[in-house]
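Colleague: Pasting a structure here, questions to come.
Since every read-out is calculated from the coordinates, none of them should be taken as a lab result. Nothing here was measured: the structure is a model prediction, and the numbers come from that model. Don't worry about glycine lacking a Cβ; one is built from the backbone with ideal geometry, like all the others, and counts go over all protein chains shown.
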Amino acid sequence: MRTLLTGLVFGESARWHDGRMWLCDWGTGEVLTVERDGNRRVVTRVSSYPLCIDWLPDGRLLAVAGGDARVLRREPDGAVVTHADLSGVSPGPWNEIAVNSHGTAYVNGGPGLIAAIGRDGGVRQVADEVAFPNGMALSADGSSLIVAESHAGCLTAYTIGDDGTLRDRRVWAEVPSSAPDGICIDPGGAIWYADVPNRCCVLVGEGGAVLRRVDADRGCFSCALGGENGTTLFIVATQWRGFDQMFTGPPTGQVLAVDVA
């Protein structure tokens with residue numbers, strides 16, 4: 001286990017994109033990149049959290065301004081504009097985002113909801129009754145959306161229809177005694193999930209078989225596979241002190257890296 005970065009107030013939304021590690025610091029409202037030598041760069045700032053990111057097929061960055069019930073879009077010139085207003089579905093707070101190859105963005109949050117944002121910015125609710133929706137990921141072929149239900153101890157899958165709707169809700173894996181948070185899919189189709197109370201990241205296959213576990217000394221909130229060969233697991237971890245103390249005390253957020261080849 002290597003420590004790439006320290007001093008985050010509250011890190012989340014680990015992503016590997018365009019040859020770099022990306023993440024969000026909810027405490028500072030920053031979208032960051034981290035190089036292999038640990039150097040950090042602020043890409044943009046968002047004044048409202050939860051703050052999570054993904055990219056449109058054309059490479060433009062989308063960022064969830066969860067407390068404002070908006071999804072923002074960063075233009076090639078660096079300008080940040082509103083991509084979609086989610087308040088008509090729920091005032092929020094909104095949380096994770098996953099964008100498919102057609103440019104449809106799925107955002108979860110609110111009172112257990114998932115909304116779909118079309119390429120035209122139109123918003124519609126596509127799922128409900130999700131028990132504290134957290135991490136989301138798309139299957140490699142784009143046919144399924146998998147959601148971490150933190151308060152249900154499971155990973156839930158939906159089939160994505162041709163029109164972007166979600167159907168065929170099913171339990172992809174039960175992960176008892178866990179509170180799955182951020183997730184990512186490995187090349188074999190198994191899923192890594194971050195677990196805050198158990199201070200670890202766990203790789204599970206469909207059905208729930210545990211394939212591997214990586215332990216940390218603090219709560220793990222999000223994870224992403226990347227690196228030169230795609231075999232490095234990047235983990236965003238923080239000492240969890242409770243919702244009322246998320247942004248108080250000394251910053252304990254870190255980015256960790258471990259080879260899982």
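Colleague: Once phi is turned into θ = phi - 60°, what whole-Hz ³J(HN,Hα) does the Karplus curve with 6.51, -1.76 and 1.60 give for every residue of segment 132-141, x standing for Gly and Pro?
Modeller: Whole-Hz 3J(HN,Hα) from phi for segment 132-141: 6, x, 10, x, 9, 8, 9, 4, 4, 8.
Colleague: Checking the a/c ratio against 1.5 first, then a/b against b/c, what shape does the Cα gyration tensor give for segment 40-101?
Modeller: The shape class here is prolate.
Colleague: Counting other C-beta atoms within 10 Å, which of PHE247, PHE132, PHE221, PHE10 has the fewest, and how do the rest follow?
Modeller: PHE247, PHE132, PHE10, PHE221
Colleague: Using Cα pairs under 8 angstrom and six or more residues apart, how large is the relative contact order of segment 2-259, in percent?
Modeller: 16 percent
Colleague: Quick one: putting +1 on the C-beta of Lys and Arg, -1 on the C-beta of Asp and Glu, what dipole do you get for the chain around its Cα centre, in Debye to the nearest 20?
Modeller: So the magnitude is around 380 debye.
Colleague: Then there's this: Does the chain come out rounded, prolate or oblate by the C-alpha gyration tensor, with a ≥ b ≥ c the root eigenvalues, rounded set by a/c under 1.5 and, if not, prolate when a/b is larger than b/c and oblate if not?
Modeller: In terms of gyration-tensor shape, rounded.
Colleague: About the Cα centre of segment 1-150, how large is the charge dipole given +1 on each Lys and Arg Cβ and -1 on each Asp and Glu Cβ? Please answer in debye to the nearest 20.
Modeller: 340 debye
Colleague: Rounded to the nearest 20 debye, what is the charge dipole size of segment 28-77 about its Cα centre when +1 sits on each Lys and Arg Cβ and -1 on each Asp and Glu Cβ?
Modeller: With Lys and Arg at +1 and Asp and Glu at -1, about 80 debye.
Colleague: Separation of segment 185-230 and segment 110-148 by C-alpha centroid, Å?
Modeller: Here the two parts' Cα centres lie 20 Å apart.
Colleague: Further, regarding this structure: I need the shape label for segment 1-76. Rule: rounded when a/c is under 1.5, else prolate if a/b > b/c, else oblate, with a, b, c from the alpha carbon gyration tensor.
Modeller: In terms of gyration-tensor shape, oblate.
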